1. Please enumerate the residues belonging to the range 350-364 that are crowded, with 21+ Cβ neighbours inside 10 Å and either free of Cβ contacts under 8 Å to residues at least 24 places away in the same chain or not small (Gly, Ala, Ser) (or both).
2. Open to solvent by less than 40 Å² (accessible area, probe 1.4 Å), modelled with pLDDT of 80 or more and under 23 Å from the mean Cα position of the chain (by Cα): does that describe Ala367?
3. Restricting to the range 301-337, name every residue that is open to solvent by 10 Å² or more (accessible area, probe 1.4 Å), small (Gly, Ala, Ser), in a helix (DSSP H, G or I) and farther than 24 Å from Pro435 by Cβ.
4. Assuming Val122 fulfils every condition listed in (1) buried (at least 22 other Cβ atoms within 10 Å of the Cβ); (2) assigned to a helix (DSSP H, G or I) apart from one, which condition is it?
5. Quick one: which residue in Pro346, Pro296 is under 17 Å from Gly214 (Cα atoms) and out of contact with any helix residue (DSSP H, G or I) (no Cβ under 6 Å at 6 or more places or on another chain)?
6. Here is a check on your reading of the model: is Val225 part of a helix (DSSP H, G or I), under 21 Å from the mean Cα position of the chain (by Cα) and modelled with pLDDT of 80 or more?
7. Check Ala177, Ala182 and return the single one that is over 21 Å from Ala100 (Cβ atoms), open to solvent by less than 10 Å² (accessible area, probe 1.4 Å) and touching a helix residue (DSSP H, G or I) at 6+ places or on another chain (Cβ under 7 Å).
8. Given (1) under 19 Å from the mean Cα position of the chain (by Cα); (2) more than 16 Å from Ser174 (Cβ to Cβ), where does Leu125 come up short, assuming only one miss?
Amino acid sequence: MPDEPKTLDPAARPAGSTAAAGDVGAAAASVPAASVQAATPLGASAPGASAPGASAKAGGTAAADPPAPAPALRWTLGLVTVGLVLAALNLRPAITSLGALLEDVSADLHMSGSLAGVLTSVPPLCFAVFGITAPRLARRFGPAAVVCAGMAAIFAGLVLRSFATGTPAFLAASALALMGIAVSNILMPVIVKRYFPDRVGSMTGLYSMALALGTSLAAAATVPVTEALGGDWRLGLGIWAVLAALAVLPWLPLVRDRAMTTATPPGAPAASAGAAPTGGSGPVASAAAPRVGRSPTAWALAVFFGLQATGAYITMGWMPQIFRDAGVSASTAGVLLAVTMVMGVPLAFVIPRLASRMRTQGPIVVALGLCGLTGYTGLFLAPAGGAWAWAVLLGISNCAFPLALTMIGMRSRTGVGVVRLSAFAQSVGYLISIPGPLLVGVLYQHSGGWGLPIALMGGLMIPQMIVGTLAGRDRTVEDEC
């Protein structure tokens, strides 16, 4: 991933230190995907401490290098690291495990194709609705406590839906699990910023890898595990609750830590007297925020985010079924989905680094879009014959997600602008993505085949390339508001 900028947000500076405005703009404009994710949650403030070695003493003189972490602090940071990895592993199995068994679930619960499409539209709906509540909950209870509750909600939802005897109960249990995923997904960057302010990039990369691993693992292993457990889809879906239960444990000792904005983890030396406050009256809160709703670039970025999310959730929800209907075995279809998902592990590091070195990101947008268009064309013409190639191409295309996060950071000059733009682009984007999986289900049911749905998926790549190219132009929302 791109190197983290050395200059932190203005709110993170000690009161006695100064910086040129150009430094702040350069730092905000060069924020990579990892830093963008750290700024994503609504209402989250920047850390209230300066970069290592840059803090000031009470008297205003330069401080020596910070002391080595105490054993208690090292234990806390190790616990948070384990918690981050386990939490990230649980952010997608509830979705991708269902995609691998959607045919069995639909048949047993007597779901129509349209209703199954509704089921695949639930994840983005929950992310759009419940994700908005995460910052408010974190301010009241603390981000660690909310993530702990999110893992518990995932556990409960996965257990309850394995006992569901009807579609309404199955949808309600899935929504409970997705609610936990939504709030945890938003607050993971806040946790990273809180406990690892000087290692945002590396820690974000760590949990991004764990997220991709959990996604692909659930897609590949669900069908074989289900068959090993006797072929009951309820056991195949419910087994992932064990992983969610494990993810609750590291967060239990941290639930009393309600701080959200300080960069000094529990157990670290107290902040210096010259440190600036990090509450609502700090620099971030008082800085003038751009009205991103008036920015054409912000709207282009929001639509681009929505279209790439549409493709991702259609892929996770329907691609195994497409391969199964083409004669591919259920287990192989799950592995093909895993191949698609695992492509995000290496490319999540490569694409942000490449994008941050380019003035405009349009060429990357077009390259990813052409991969998707080629993959969907292959699914239309020879779904089984070139299945592995189509899975790889669609996996590359789905890496528009880290590109979108990178562009969010590059399209604003200030920290508060990044937060506003990120909230706007992701909220609007997830709302845009909701109808896609549902429409695919309706077309599949009424056409009796996958021709029209695949044509729709491929057709959406055209506007995605257009709005992505517009969003990738070298400009900022502050220039347009």
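1. Ile351, Pro352, Gln361, Ile364
2. Criteria not met by Ala367.
3. Within the range 301-337, Ala330, Ser331 qualify.
4. Condition (1) is where Val122 drops out.
5. Pro346
6. no
7. Ala182
8. Leu125 satisfies all of (1) under 19 Å from the mean Cα position of the chain (by Cα); (2) more than 16 Å from Ser174 (Cβ to Cβ) except (2).
The values are calculated or read from the model by the stated rules, or taken from the named source; none is laboratory data. Note that the coordinates shown come from a computational prediction; the quantities given were computed from them, not determined experimentally. All Cβ positions, glycine included, derive from the backbone under ideal geometry; neighbour counts span all protein chains shown. When the accessible area is computed, the model is the full protein with side chains, heavy atoms only, and any ligands, DNA or RNA have been set aside. Shrake-Rupley method; radii C 1.70, N 1.55, O 1.52, S 1.80 Å.
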